[in-house]
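Colleague: Have a look at the structure that comes next, please.
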Amino acid sequence: MPTRGSHQRKSVSFLVLCHLVGFLLFCPETETRDLPMCKESDYHFEYTDCDILGSRWRVAIPNKPETCTGLPNPVKGTECSFSCKAGEYLDMKTQECQKCAEGTYSLGTGVRFDEWDTLPAGFVSYGTDLSGNSLATNCSNSTWIPKGDYITSNLDECTSTLTYAVSLKQAGSVSFEYFYPDDSIFFEFYVQNDQCQSTEWGNRWIKNSQSDWNTHYLQLKHGNNVLYWKTTTFSMVNNAVKPVLIRNIIITGVAYTSECFHCKAGTYSAKPGAAHCAPCPANTYSNKGATVCQQCAPDKYSGNASETCQQRQPCKTSDYFYTHTPCDSSGQTQLMYKWIEPKICSESIEGAVKLPASGQMETCPPCNPGFFPTNTSACQPCPHGSYSNGTACSPCPAGTEPMVGFEYKWWNTMPSNMRSSVFSREYSDSERNTAWEVAGEYIYTTPGDLDSDYMMLTLTVSGYRLPHSIAKNTESLELSRISFVFETSCSADCVLYFMAGYSERNNAVVERWGGTREKQSYTYIVRSNSTVSFTWAFQRTESYSTERQFSADFAKLYSVHVTNAIGGVASRCRRCALGSADSGSACVPCPPGHYMLNGSGVCQQCPPNTFIRPEQPMGEEACIHCGPNTHSNQAKSACVSDCQLQLRPPGGEAVLYDFSPLANATSFLSGPRFTSKGLRYFHQFSIGLCHYRNKLHFCLWGRTLATCMDNVTESVSEVRGHVCQATVVPSEVRGQSMVSSQPFSIGETLIGVTTESTLDHIDSPEEYFPSKSSLPDVIFYYRTAEATKACKDGRSASIRLRCDPTVKETDRLALPSACPEGTCDGCSFHFLWQTQHACPLCSKSDYKEIVSACVEGIQKTTYVWQEPVRCTGGVSLPAQGVSACVTLDFWLRFGVSTGSVAALLLITLSCYFWKKTRKLEYKYSKLMMSTGEKECELPAADSCAIMEGEDAEDDLIYLTKKSIFSKIHAFSRERTSDGFDSVPLKSSSGQEMEMS
């Protein structure tokens, strides 16, 4: 730990000035007094600050001011760049490096903090409220807490900050060990230098460490540096949160060290010049500054790096376990009993149990599938291209391929890709590695040193590869699956964890089972080749105690099966389709959309609108029918929607929908939620509704998957599907940006698209989203088959698309008011999507025409949408039409004109025929007159004829001699009293005569 020699004092420059200038009257230390002369024990040496030339002075500083006089004069100091090696210190008297004595150590130009009984000098810890602006009353106690060997973070929902300021004389570094097992805590570390420049934001996040201590290293710049460790707890469940632990902070590049540090209790250094102290082995102890470790008494024990010994207790049955030796050549194994190491009990104490006798012979269990027994009865994997049921290997027949993987159901020896370890709840190193032990038909947890220990079993897989007989397609979501059968027996609050991740130290908890569990199975689907590690962890109790109260509690694994594992073995062969006659034993897959007939290599086409299971089993049952308004994709591996929909209501015409504008992945936040401590958070939902056809390339299809991620730690993880959810914490908690965590999938498979409120046992209650519109909602149904503890049948989601022509945006989604988190049971999620793009495509029946009045011979025809508008896109409104027309006044004028012309014509015709009638009368009268001359004689032909020109003459006479009034008067006198008409005659002399 740093001492006074590690830091310069501000008064050093002033003292040097006094010594150099010699103005004794101005220096308080040189006042004339009767003081004794200073001894070497009364003062110590320190260096002044370096000047611009890189030089400094060594000055004497009294331990207590004004207690003695006669301090040594300042002398020229070593160069500012001078430093000692690790294990050495600078002797200020000689200004030379000396080795540290036994029982001490030094880091040279560094400091080390490994004792945390109290907060070391220079460290500051404080708690702030969620906004991070100021100290809050309810967060004032949210500080880092020293725990002896380490310091632990807070557990409430405040931001706890640990800082340390250091001045580096040269470029250096900082490193520390940390344990960060719980992603419910946000943990970041960064450094600010004297220019107030921070480390990059992306490098602040610390990786999780599930089962061991990790080391974080960062380079530091010359000058002043402030180190920050920050944590914020974020837990929405009632599970206990595991804090972040820090230990062994080492900073290099600081000023010289003028003394060595004593080894802490439980460690020692036996030789001079030690850069660090070694821990004492088990059953030994040491005090501070020890050069050797002391042996514990026979009736006592201790663990590693112990400063005391503890009394041994009488041995119990929980202090030993049983296992088996490898099988011998005769197929026999010995039952062995062993003490749990390190052994902390005593057999000699009264009441102690003895270790049972070992060596009982038993028959070896069979080899696991895919293995075969050798001459020594050891199990070896079958060569590639062959399979076995655990007895003998057989080559796969022609037209088949091995189904590789790992299947463990017999446990005579620990599999080569499995490892057992113990992780202490107190996060201290332990030599013990016996956590799970094989027992023939199962593998079980042995008693631990402490009931709070984690009994770890890790299975490592190199990767995964799909069999050749499975059609390759990018939309296959299942790469592999791991299935296991387990059982637990508990008398306390035991928990069995199952974790998966890309390494043993970066696993995420997939599922957990608390309390006693009967024999049951569990399956986890692997969708990424980065998942190469699986871990089972069994903890008997959360409560820490040195007594073993629950050693009889156990967890058992009966079988573990991993499919499609690279480097695996085969328990059987899969028949695949035969190709041409010369294909030999080559495995040829069935074409997309085909299944394989049982007992043959013949492929049969599936019925239309079906898809094939990823594992492609035999028989027609492999073909799964698609839901309503969906169809199989090109790879025949899933059912999809192309964002186009046609619905035909009973008795009505077909209605078309186009959801292409909604095809891109859409994200939205729920309303704010608050934890019990007031931390605000949101649920972020991401939706990838359907496929869409590329407008530029008609044959290309696109798929936008919804993505939810966990960016709390440096190891970012993602969840993809049609619908997913993540928990988002606002930026004010982190001070930088929003943080997303705890992602999970809600809908991976599209079940169907319909207007019905129920589909395939998935409900979308109408009362969740009441509607007054007569237009039905279009509902997309999704399902995730992965079962959880709360959702035995997996999760499901329903998305109601509701037509609203007034909504132009494409991201207006809502959650049920009765279920503000989107779900009322945690398994079924419901969404309402209101947008104009959810309306049917417009057709001719959706608009009407309006004809205007005829104005100045022009008539307009306008087309408008029917009200209320319930469509979008589709056909467009026709352009306005213009046509010629005639008005009413035109017809009135036309009628009057026509009537006038008709009247005039009628009058003319009347006059004409009247005149013709008068002529006939005249001719008749003339004829009668000529017949009267010779009675009883018919007139001769020529006498009765009208001579040529006679009419004209008569007419002329008639017209010229009488006026119109005269004619009327004459007409009134034309007929005499005897009934004869009087006809005026003209004599040859031209005189008018009248004959009666």
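Colleague: Once you put a point 7 Å from the Cα of LEU597 and another 7 Å from the Cα of SER845, both along the Cβ direction, what distance in nm separates them?
Modeller: Placing both labels 7 Å beyond Cα along the Cβ direction yields 4.8 nm.
Colleague: A further question follows. Given Cα pairs under 8 Å that are at least 6 residues apart, what percent is the relative contact order of segment 252-336?
Modeller: Working: 146 pairs, mean separation 18.3, N = 85.
Dividing the mean separation by the residue count of segment 252-336 yields 22 percent.
Colleague: For the pairs LYS169/LYS288; LYS230/LYS556; LYS207/LYS519; LYS85/LYS343; LYS64/LYS169; LYS288/LYS343, note any where the Cα-Cα span goes beyond 32 Å. Mind dumping the intermediate values first?
Modeller: Details: LYS169/LYS288 30 Å; LYS230/LYS556 39 Å; LYS207/LYS519 35 Å; LYS85/LYS343 41 Å; LYS64/LYS169 28 Å; LYS288/LYS343 26 Å.
Beyond 32 Å between Cα atoms: LYS230/LYS556; LYS207/LYS519; LYS85/LYS343.
Colleague: Taking every Cα atom in segment 844-920, find the radius of gyration and the maximum pairwise distance Dmax, and write them in Å.
Modeller: 26.1, 84
Colleague: Beta carbons within 10 angstrom, averaged per residue: use that to sort the peptides 632-638, 447-453, 524-530, highest first. Could the numbers behind the result be given before it?
Modeller: Numbers: 632-638: 19.1, 447-453: 22.1, 524-530: 16.9.
Ranking, from highest mean packing down: 447-453, 632-638, 524-530.
Colleague: On to the next question. Given a Förster radius of 30 Å and the C-beta distance between THR810 and HIS631 as r, what FRET efficiency does 1/(1 + (r/R0)^6) yield to the nearest 0.05? Kindly include the intermediate steps, with their values, before the conclusion.
Modeller: On the way: r = 24 Å, r/R0 = 0.80.
Using R0 = 30 Å, I get an efficiency of 0.80.
Colleague: Expressed as a whole percentage, what fraction of the accessible surface of segment 56-111 belongs to carbon and sulfur atoms when a 1.4 Å probe is rolled over the protein heavy atoms?
Modeller: On the way: 1320 of 2760 Å².
Answer for segment 56-111: carbon and sulfur cover 48 percent of the accessible area.
Colleague: Next question. Evaluate the distance, in nm, between pseudo-label points positioned 7 Å from the Cα of SER167 and of LYS316 along their respective Cα→Cβ axes.
Modeller: Result for the modelled spin labels: 5.8 nm.
Colleague: Quick check of the Kirkwood formula: for segment 249-350, what is the inverse mean of 1/r over all pairs of different Cα atoms, in Å? Don't skip to the answer; put the middle values down first.
Modeller: Numbers: mean 1/r = 0.0588 Å⁻¹.
Answer for segment 249-350: a Kirkwood hydrodynamic radius of 17.0 Å.
Colleague: A follow-up question, please. What FRET efficiency comes out for the pair GLU718/ILE61, r = Cβ-Cβ distance, R0 = 56 Å, nearest 0.05?
Modeller: Values: r = 60 Å, r/R0 = 1.06.
Result of the calculation: an efficiency of 0.40.
Colleague: If you don't mind, another one. Can you sort ASP114, ASP299, ASP212 by 1.4 Å-probe accessible area, starting with the largest?
Modeller: Result, largest first: ASP299, ASP212, ASP114.
Colleague: Pairs of Cα atoms under 8 Å, at least six residues apart: use those to get the relative contact order of segment 791-865, whole percent.
Modeller: On the way: 116 pairs, mean separation 23.3, N = 75.
Averaging sequence separation for qualifying contacts and normalising by length gives 31 percent for segment 791-865.
Colleague: Can you pull the percent of segment 725-842's accessible area that's carbon plus sulfur, 1.4 Å probe, other chains left in place?
Modeller: Values: 2300 of 4830 Å².
Answer for segment 725-842 is 48 percent, counting heavy atoms of protein chains only.
Colleague: Taking amide H positions as placed in the peptide plane 1.01 Å from N, state which residues far from THR872 in sequence (5 or more) or on other chains have amide H under 5 Å from it.
Modeller: LEU841, CYS842
Colleague: Enumerate by residue number the trypsin sites (Lys or Arg not before Pro) in segment 799-834 meeting two conditions: DSSP loop (anything except H, G, I, E, B), and at most 16 other Cβ atoms within 10 Å of the site's Cβ. Before the final figure, lay out each step's value.
Modeller: Numbers: sites: ARG800, ARG802, LYS808, ARG812; in loops: LYS808, ARG812.
Counting only loop positions with at most 16 other Cβ atoms within 10 Å, the trypsin sites (Lys or Arg not before Pro) in segment 799-834 are LYS808, ARG812.
Colleague: Between GLN644 and LYS926, what length comes free when the chain is fully extended (0.36 nm per residue of separation minus the Cα-Cα distance, one decimal in nm)? All intermediate terms of the calculation are to be shown ahead of the outcome.
Modeller: Numbers: separation 282, 0.36 × 282 = 101.52 nm, distance 10.15 nm.
Length gained, GLN644 through LYS926: 91.4 nm.
Colleague: Let me ask something else. Please arrange TRP513, TRP57 by accessible surface area, largest first, computed with a 1.4 Å probe and ligands excluded.
Modeller: Values: TRP513 15, TRP57 80 Å².
Of TRP513, TRP57, the descending order of accessible area is TRP57, TRP513.
Colleague: Same structure again: For segment 28-185, what is the largest minus smallest coordinate of the Cα atoms on each principal axis, given in angstrom and ordered from greatest to least?
Modeller: 62, 38, 37
Colleague: Ordering HIS44, HIS561 by how much accessible area each has at a 1.4 Å probe, largest first, what is the list? Provide the component values of the computation, followed by the final result.
Modeller: Working: HIS44 25, HIS561 70 Å².
Ranked from most to least accessible, the order is HIS561, HIS44.
Colleague: Turning to a different aspect of this structure: What whole-number value in Å² describes the accessible area per residue of segment 320-425 for a 1.4 Å probe? Each step should come with its number before you reach the end.
Modeller: Details: 5390 Å² over 106 residues.
Per residue, segment 320-425 has 51 Å² of solvent-accessible surface.
Colleague: Which order, highest average first, do 895-904, 917-926 follow once you tally other Cβ atoms within 10 Å for each residue and take the mean per peptide? Can you show the working numbers first?
Modeller: Values: 895-904: 10.0, 917-926: 13.8.
Result, highest mean first: 917-926, 895-904.
Colleague: While we're on this one: Among the trypsin sites (Lys or Arg not before Pro) within segment 311-411, which fall in a DSSP loop and have no more than 15 other Cβ atoms within 10 Å of their own Cβ?
Modeller: On the way: sites: ARG312, LYS316, LYS338, LYS343, LYS354, LYS409; in loops: ARG312, LYS316, LYS343, LYS354, LYS409.
Those that pass, being in a loop and sparsely packed, are LYS316, LYS354.
Colleague: Please give, to one decimal in nm, the separation of the simple spin-label points placed at THR391 and ALA121, each 7 Å out from Cα toward the Cβ.
Modeller: Taking the simple label geometry, THR391 and ALA121 are separated by 7.9 nm.
Colleague: Near ALA884, within a Cβ-to-Cβ distance under 14 Å, what is the net charge of the other residues, with Lys and Arg +1 and Asp and Glu -1?
Modeller: On the way: positive: LYS860; negative: GLU856.
Net charge around ALA884: 0.
Colleague: In square angstrom, what is the accessible area per residue of segment 762-902 with a 1.4 angstrom probe? Walk me through the intermediate numbers first.
Modeller: On the way: 7950 Å² over 141 residues.
Averaged over the residues of segment 762-902, the accessible area is 56 Å².
Colleague: TYR89 accessible area, nearest 10 Å², 1.4 Å probe?
Modeller: 60
Colleague: Continuing with this model, one more query. If you stretched the chain out fully between ASN193 and SER462, how much longer would it get, using 0.36 nm times the residue separation minus the C-alpha to C-alpha distance?
Modeller: Result: 92.5 nm gained on full extension.
Colleague: What does the charge add up to near SER796, with Lys and Arg as +1, Asp and Glu as -1, over the other residues with Cβ less than 10 Å from its Cβ?
Modeller: Working: positive: ARG783, ARG795; negative: ASP760, ASP763, ASP793.
Counting the neighbours of SER796, the net charge comes to -1.
Colleague: So if we plug the beta-carbon distance of ALA86 and LEU53 into 1/(1 + (r/R0)^6) with R0 = 35 Å, what FRET efficiency do we get, rounded to 0.05?
Modeller: Values: r = 29 Å, r/R0 = 0.82.
Given R0 = 35 Å and the Cβ-Cβ separation, E is 0.75.
The values are calculated or read from the model by the stated rules, or taken from the named source; none is laboratory data. Treat the numbers as computed from the prediction; the structure is a model and nothing was measured. Every residue, glycine among them, receives a Cβ derived from its backbone with ideal geometry; neighbour counts consider all protein chains shown. Areas reflect the complete protein model, heavy atoms only, side chains present, ligands, DNA and RNA absent. Shrake-Rupley method; radii C 1.70, N 1.55, O 1.52, S 1.80 Å.
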